[in-house]
Every structure is written in C-alpha cells, then in structure tokens.
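The values are calculated or read from the model by the stated rules, or taken from the named source; none is laboratory data. Just so it is clear, the structure is predicted and the values come from calculations on it, not from any experiment. No Cβ is skipped: glycine too gets one built from the backbone with ideal geometry, and neighbour counts run over all protein chains shown. Note: accessible area is taken over every heavy atom of the protein model, side chains too, but ligands, DNA and RNA are not part of it. Shrake-Rupley method; radii C 1.70, N 1.55, O 1.52, S 1.80 Å.
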Amino acid sequence: EAQVTQNPRYLITVTGKKLTVTCSQNMNHEYMSWYRQDPGLGLRQIYYSMNVEVTDKGDVPEGYKVSRKEKRNFPLILESPSPNQTSLYFCASSSTGLAGVNEQFFGPGTRLTVL
Amino acid sequence: EDQVTQSPEALRLQEGESSSLNCSYTVSGLRGLFWYRQDPGKGPEFLFTLYSAGEEKEKERLKATLTKKESFLHITAPKPEDSATYLCAVHSLNRDDKIIFGKGTRLHILP
C-alpha cells in the first residue's frame, strides 16, 4: 500500500530535550516536506526537499532541522524544543513533473506537546 | 508577497443545498493550485490540481474551477459525509518549490 508513515504519532516532552520525528514514504517520491498545523494559522511549511541531500527552508524553519540521506526518509529534528513548537506536524511526499511539485500524499500526523 | 486566502472560514449547509468555496491567490506566476480535504485529526487528502485559467475538474459532487485570481470548489447537493475542512494550496513560480496553504474552509452539512 502506498503510504507516508510518521513516528511517533503522539509525543509529550519537556523544553530542551532533543527529539526526532521520523517520516518515511514507499512511493519513490522525489519531493518531501514537513508542515505544522496550528488553529487559526493553517498548514505552514517548515522544510522541504527536492531530492537526496537537497533541503530548503519553508516559511517557518526556525528551531527545526531536517536531513535527506535516503530518498524514502525525511526526519524532522528539534534540537531544543520550546513550548511554542507544540503543534500537529505532518510529513508529505510528492512526485515531480514538468510543472514542478505534483499532489502531495500526507502522513497521519504527529501531535507534539512541549511542556 | 505570495498569499492564499480562503473564504468563508466556515460554512453550514443543509443536505442537498449546493454552494461554493473560494480560494483567492496573489502570486507572481502559478505553477499549480491544489485542493485537499481534511477530516478531523487526519492528514489532508488530495482532491484536484489545476494549472491554468479556465481549467475545470470534477469528482462526484465536487467541481473545481480556476481563474487568474481565484479558484472555486463547487459542491452540488452535498451529503453529511462531505463535512470536512477543505484546503487550497498554491505552488508559485517565484517561491522555488515552496507550497503555500490557505487556512481552509470548515464545511458542515446538516442532515
């Protein structure tokens, strides 16, 4: 089954404790992206990657890191989480074509709470 | 600055009452406009991609249209299972490969 998986699905942590949220896709997609979704603010892009070893900032990259060492994986790293990073996080992947990014497939989400 | 604005924020309809959701965008050049549906607590699900003004796409009770400044998602004779948040997203020419989402329209269909 074609899918994007994220782990963990739920996480409660404390300020400053480094964490990683994993994301994996089995569709051989070139493009992968991380979003956060907050009430009243909608979905905002954190980082994206067009291919292995190529990553770029989205609109809200502060406090986050990513890496793309393999095509299927795109982990999101919070080196020193703060309460304002409490949010619902989505990973997505997409194939690319002449017009650029095609439709994205989203993971189930990771609900993160930073105390 | 590129922007995507969706209206209304929320919409309540009776079952069978047709309506339209709006997505207006200001970008320097449009690569693609996407519509997604999101159910509570789940990731968005793809509905349509539109690339150029005048383009239309249909799927069951949904029809998406595109002009140079906005897109409409028309819902014909909706059913309660159409209740969801509908998201519009834009891929613009001058934003590399960033994607901008609107804040969505929460649609509630009453039986």
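Of all residues in the stretch A:37-47, those satisfying the criterion of being of a type outside the set (S, T, N, Q) and modelled with pLDDT of 95 or more are A:ASP38, A:LEU43, A:ARG44, A:ILE46, A:TYR47. Applying a threshold of 7 Å to beta carbon distances and a minimum spacing of six or more residues, or different chains, the list of pairs starting in the stretch B:3-16 at a residue that is part of a loop (DSSP other than H, G, I, E, B) and ending at one that is open to solvent by 30 Å² or more (accessible area, probe 1.4 Å) reads B:GLU9/B:ARG106; B:GLU15/B:LYS79; B:GLU15/B:PRO80; B:GLU15/B:LEU110; B:GLU15/B:PRO111; B:GLY16/B:ALA77.
In the stretch A:1-36, the qualifying residues are those that are of a type in the set (Gly, Ala, Ser) and at pLDDT 95 or above, and the one that is most open to solvent (accessible area, probe 1.4 Å) is A:GLY16. Filtering the stretch A:59-83 to residues that are in contact (Cβ under 8 Å) with a residue 24 or more places away in the chain, open to solvent by 10 Å² or more (accessible area, probe 1.4 Å) and over 11 Å from the mean Cα position of the chain (by Cα) leaves A:VAL60, A:LYS71, A:ARG72, A:GLU79, A:SER80, A:SER82, A:PRO83.
Being part of a strand (DSSP E or B), within 14 Å of chain A (Cβ to nearest Cβ) and touching an Asp or Glu at 6+ places or on another chain (Cβ under 8 Å) is the filter; apply it to the stretch B:94-111 and report the residue that is least open to solvent (accessible area, probe 1.4 Å).
Ranking the qualifying residues of the stretch B:94-111, first place goes to B:THR105.
Among the numbered conditions (1) within 14 Å of chain B (Cβ to nearest Cβ); (2) within 21 Å of B:PRO44 (Cβ to Cβ), the only one that A:LEU76 does not meet is (1).
Filter the stretch A:99-115 for residues that are farther than 14 Å from B:PHE34 by Cβ and either open to solvent by less than 30 Å² (accessible area, probe 1.4 Å) or more than 10 Å from chain B (Cβ to nearest Cβ) (or both); which is farthest from the chain's Cα centre (by Cα)? Working first, answer last.
Here is the first cut: in the stretch A:99-115, the residues farther than 14 Å from B:PHE34 by Cβ are A:107-115.
Imposing the further condition that a residue be either open to solvent by less than 30 Å² (accessible area, probe 1.4 Å) or more than 10 Å from chain B (Cβ to nearest Cβ) (or both) reduces the set to A:107, A:109-110, A:112-115.
On the way: A:GLY107: 9, A:GLY109: 9, A:THR110: 9, A:LEU112: 12, A:THR113: 16, A:VAL114: 17, A:LEU115: 21 Å.
In this case the residue turns out to be A:LEU115.
Quick check on my filter: what residues within the stretch B:37-64 are within 14 Å of chain A (Cβ to nearest Cβ), without any contact (Cβ under 8 Å) to a residue 60 or more places away in the chain and not in a loop (DSSP other than H, G, I, E, B)? Spell out how you get there, then give the answer.
The first filter runs over the stretch B:37-64 and keeps only residues within 14 Å of chain A (Cβ to nearest Cβ), leaving B:37-52, B:55, B:57, B:59, B:64.
From the residues that got through so far, the ones that are without any contact (Cβ under 8 Å) to a residue 60 or more places away in the chain too are B:37, B:39-52, B:55, B:57, B:59, B:64.
Correct list: B:ARG37, B:GLU45, B:PHE46, B:LEU47, B:PHE48, B:THR49, B:LEU50, B:LYS57, B:LYS59, B:ALA64.
Number of residues in the stretch A:84-98 that are open to solvent by 30 Å² or more (accessible area, probe 1.4 Å) and either in contact (Cβ under 8 Å) with a residue 40 or more places away in the chain or away from chain B (no Cβ under 14 Å) (or both) equals 4.
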